[in-house]
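Visitor: Pasting a structure below so you can have a look.
The values are calculated or read from the model by the stated rules, or taken from the named source; none is laboratory data. Everything numeric in this text was worked out from a predicted model, so none of it was measured. All Cβ positions, even for glycine, are placed from backbone atoms using ideal geometry, and neighbour counts span all protein chains on display.
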Amino acid sequence: MPQKGLFISFEGGEGAGKSTQIRILAETLRSRGLEVVVTREPGGSPGAEAIRHVLLSGAAEAFGVRMEAMLFAAARNDHVEEVIRPALESGAVVLCDRFLDSSRVYQGTTGNLETDFIETLQRIAVDGTMPDLTLIFDIPAVDGLARARKRADDGATPDRFEKEELETHEKRREAYLDIALNEPRRCRIVDAKQQQERVTEDVLSMVEPLLERFDHLSDVAQ
Ligand SMILES: Nc1ncnc2c1ncn2[C@@H]1O[C@H](COP(=O)(O)OP(=O)(O)OP(=O)(O)O)[C@@H](O)[C@H]1O
Ligand SMILES: [Mg+2]
């Protein structure tokens, strides 16, 4: 079935502002009458949320990075089949907080897993459903972590991936920038260090050109 909706993934390190901007964009798009599905990884479907708990608690860590990567892929596949693809087929805008690029960066680059292994897993996991647009939130690791820490002071406890070294976080930043270089048609880099309102403006300017496919909706409404 041809895809009627629009699939946007949000990527980048901890505290970059992905979740904040997803909330704002979802509101903006809904106010324009679009159907919006907000979802996240790991998780997003009942099966994947069960795996999320195992992954983020660190329970899978003892079994090695390959096992972790396969669990992420299993969760992603369930999420695609149960939530993302049906939403796209029904014509919704899907805003996904992290998707396959997080696996490439976290399990591939900084988990030291071979590229072939990670790419094979991703092919199986997404099964042909790729984002139309991926916004890569770029911020120096030290600034992103400061934001995430400030948020943690507000009550949230850091998860397994937030506790790692600054150097590791910088490697991830570089890995995300490489993905953007390699896939320029799909990826846009967002300067996430700017104040929130500026980031919101940039995000909307990157999304706007893709909203043309929904123009017929406003024609009907007129
Ligand atoms: N542009 C900004 N400037 C300053 N603070 C911001 C900005 N954007 C978000 N924040 C704040 O920084 C913190 C982290 O933002 P957010 O939770 O959106 O990041 P995230 O990318 O989703 O992080 P994670 O990957 O850990 O989920 C929040 O407390 C948020 O209010
Ligand atoms: Mg978040």
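Visitor: Just the residues that are under 30 Å from residue 4 (Cβ atoms), crowded, with 18+ Cβ neighbours inside 10 Å and either at pLDDT below 95 or not acidic (Asp, Glu) (or both), please, taken from region 119-166. Lay out the reasoning, then the answer.
Guide: Of region 119-166, the ones under 30 Å from residue 4 (Cβ atoms) are 119-137.
Within this subset, residues satisfying the condition of being crowded, with 18+ Cβ neighbours inside 10 Å are 121-122, 125-126, 129, 131-132, 134-137.
Answer for region 119-166, where residues must be under 30 Å from residue 4 (Cβ atoms), crowded, with 18+ Cβ neighbours inside 10 Å and either at pLDDT below 95 or not acidic (Asp, Glu) (or both): 121, 122, 125, 126, 129, 131, 134, 135, 136, 137.
Visitor: Another one. What number of residues in region 97-150 are outside any helix (DSSP H, G or I), within 14 Å of the chain's Cα centre (by Cα) and of a type in the set (Asp, Glu)?
Guide: Result for region 97-150: 3.
Visitor: Sort out which residues of region 60-79 are under 22 Å from residue 115 (Cα atoms) and of a type outside the set (Gly, Ala, Ser), and write them in order of number.
Guide: 61, 63, 65, 66, 67, 68, 70, 71, 72, 76, 77, listed by residue number.
Visitor: Same structure again: Could you run through region 60-86 and say how many residues are touching a helix residue (DSSP H, G or I) at 6+ places or on another chain (Cβ under 8 Å) and not β-branched (Val, Ile, Thr)?
Guide: So the count comes out to 16.
Visitor: While we're here: I need the full set of residues from region 19-71 which are in contact with a Pro (Cβ under 7 Å, 6 or more places away or on another chain) and at pLDDT 95 or above, in order please.
Guide: 48, 51
Visitor: Quick one: how many residues across region 193-209 are touching a residue at least 40 places away in the same chain (Cβ under 8 Å) and away from ligand 2 (no atom under 16 Å from the Cβ)?
Guide: 4
Visitor: For residues that are within 16 Å of ligand 2 (Cβ to nearest atom) and buried (at least 24 other Cβ atoms within 10 Å of the Cβ), tally how many sit in region 80-99.
Guide: Residues of region 80-99 within 16 Å of ligand 2 (Cβ to nearest atom): 95-99.
Those left that are additionally buried (at least 24 other Cβ atoms within 10 Å of the Cβ): 95-96, 99.
Result for region 80-99: 3.
Visitor: Okay, moving on. Taking into account only those residues within region 181-222 that are at pLDDT 95 or above and part of a loop (DSSP other than H, G, I, E, B), which is nearest to residue 89 (Cα to Cα)? Quick ask: steps written out before the conclusion?
Guide: Going through region 181-222, the residues at pLDDT 95 or above turn out to be 181-211.
Applying the additional criterion that residues be part of a loop (DSSP other than H, G, I, E, B) yields 183-186, 192-195.
Values: 183: 24, 184: 25, 185: 22, 186: 20, 192: 31, 193: 35, 194: 35, 195: 35 Å.
Per the stated criteria, the residue is 186.
Visitor: Across region 32-64, what is the number of residues that are without any contact (Cβ under 8 Å) to a residue 24 or more places away in the chain and among the β-branched types (Val, Ile, Thr)?
Guide: Qualifying residue count for the region: 1.
Visitor: Please list, ordered by first then second residue, the pairs with beta carbon atoms under 7 Å, 6 or more apart or interchain, first in region 163-185 and touching a residue at least 40 places away in the same chain (Cβ under 8 Å), second among the polar types (S, T, N, Q) and surrounded by 10 or more Cβ atoms within 10 Å (Cβ to Cβ).
Guide: Pairs found: 168/110; 171/109; 171/110; 172/109; 172/110; 175/109.
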